[in-house]
């Protein structure tokens, strides 16, 4: 069992020993630390914190502990209940709150849960802020307010309809155009909150919806990460139903995977590519994704006369780089679309609405649209680490060996060759080194990956 403390929040498995798992004591400890951090930014102002959760089995329990702790710390709570990660972010913005806590472990299996921490902009804390929260969690000198100054629950509300309306009101979302296509869409929401929100959004867009795994009870019907090997059921249903496409989201609905009308994968990497193609056709500007994302986004951006920038892996890093370069669209290659016109956060609802607008405008099928983009294939591998391996030294050695190529070392080592790339980085959450490669065929991407794995193992003496 595991408890992972990082700048993106506190993530762990439910049950077990305190300090080794996400236990009630750990939940209280980190909620207090977060409240102290937010209070320090607000100069003793009465705090308002938004609280939302996905449909995990442990979600209600964790919610009750956090809500009570926030009240005990003197913070008022706006509890949006079952809500997506982007919806909770939007609730912070809409309510002009001082921060927010999202209870979700994203694509992790059902035994996991997490506290994801937001600032007053509805964005994740940055590296410096996250470290401050972790430091505060180690202190035990917090003075709690007396009975006259404890917090109160301002509201318990369903924010999902508001979020849907905000998405549909975007200038580049053409509801009427989408309605004319009368898309038939199969939705797989892995039995979390997406099973409520995505079908509701699609019906507002005039789509016929076929639901599978859309009961928000937290009993995940398959591995919740929206990867091809986990999506065999929706592929079969799409073909059987004669649907136009499939929509797949992870438990907290910040990642979007699309499936073609013939049951093949549109490709998580290409969710952002297609949406960016649409945005750039209407809005001139730049794009951004992380170093492990497909080169296809750079190709599409340059075709529209814009410039592409890469960031370190992690949503907060992508957002920082997007602001720096003035990106009009960005995100991560795992299906995370960030559209600043609404907010700086990965948002599957935004991705769905913009993508369907573009598909309706183009008047083509999913497979026809997919063929318009450069064909790249990814291979994602890893090397298990041992205490004897000096990862920093290993990565420095690889950087020096390939110094004659284009090398980026802002997050591990990425080596850009003429026809392919390799990204080597230490995981923030597991004792492994990730080896990501991309090439113009799956066979070559796998071959390059194995070449680098062998080379790194030789250096390490494995």
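Observations on the model:
- Residue within region 412-425 that is under 28 Å from the mean Cα position of the chain (by Cα), over 29 Å from residue 274 (Cα atoms) and modelled with pLDDT under 95 present: no
- Residue 125 being touching a strand residue (DSSP E or B) at 6+ places or on another chain (Cβ under 7 Å), assigned by TED's automatic domain parsing to the domain that holds residue 313 and crowded, with 17+ Cβ neighbours inside 10 Å: no
- The set of residues in region 257-280 that are surrounded by fewer than 20 Cβ atoms within 10 Å (Cβ to Cβ) and within 15 Å of residue 293 (Cβ to Cβ) is empty.
- Put simply, of 198, 234 the only residue that is closer than 18 Å to residue 106 by Cα, crowded, with 17+ Cβ neighbours inside 10 Å and touching a residue at least 24 places away in the same chain (Cβ under 8 Å) is 198.
- Count of region 217-231 residues which are in contact (Cβ under 8 Å) with a residue 24 or more places away in the chain and under 19 Å from the mean Cα position of the chain (by Cα): 10
- In the set (1) touching a helix residue (DSSP H, G or I) at 6+ places or on another chain (Cβ under 9 Å); (2) touching a residue at least 60 places away in the same chain (Cβ under 8 Å); (3) crowded, with 16+ Cβ neighbours inside 10 Å, the condition left unmet by residue 424 is number (2).
- Helices (runs of 4 or more DSSP H) wholly inside region 1-96 containing at least 3 residues that are farther than 29 Å from residue 197 by Cβ: 24-41
- Taking residues in region 42-65 that are assigned by TED's automatic domain parsing to the domain that holds residue 24 and at pLDDT 95 or above, and partners anywhere that are surrounded by fewer than 18 Cβ atoms within 10 Å (Cβ to Cβ) and in a helix (DSSP H, G or I), the pairs with Cβ atoms closer than 7 Å and at least 6 places apart or on different chains are 65/24; 65/28.
- Residue match in region 122-136 (condition: over 18 Å from the mean Cα position of the chain (by Cα), part of a loop (DSSP other than H, G, I, E, B) and touching a residue at least 40 places away in the same chain (Cβ under 8 Å)): no
- Note on region 75-111: residues that are within 17 Å of residue 220 (Cα to Cα), surrounded by fewer than 24 Cβ atoms within 10 Å (Cβ to Cβ) and modelled with pLDDT of 95 or more total 1.
- Condition met for residue 361 (surrounded by fewer than 19 Cβ atoms within 10 Å (Cβ to Cβ), touching a helix residue (DSSP H, G or I) at 6+ places or on another chain (Cβ under 8 Å) and assigned by TED's automatic domain parsing to the domain that holds residue 229): yes
- Residue count, region 317-343 (criterion: in contact (Cβ under 8 Å) with a residue 60 or more places away in the chain, buried (at least 19 other Cβ atoms within 10 Å of the Cβ) and more than 22 Å from residue 371 (Cα to Cα)): 5
- Within region 135-191, the set of residues being surrounded by fewer than 17 Cβ atoms within 10 Å (Cβ to Cβ), touching a strand residue (DSSP E or B) at 6+ places or on another chain (Cβ under 8 Å) and under 27 Å from residue 47 (Cα atoms) comprises 152, 153, 154, 155, 156, 157, 158.
The values are calculated or read from the model by the stated rules, or taken from the named source; none is laboratory data. Bear in mind that the values here come from a model prediction, so they are computed numbers and not experimental data. Positions of Cβ are generated from backbone atoms using ideal geometry, with glycine treated the same way; all protein chains shown enter the neighbour counts.
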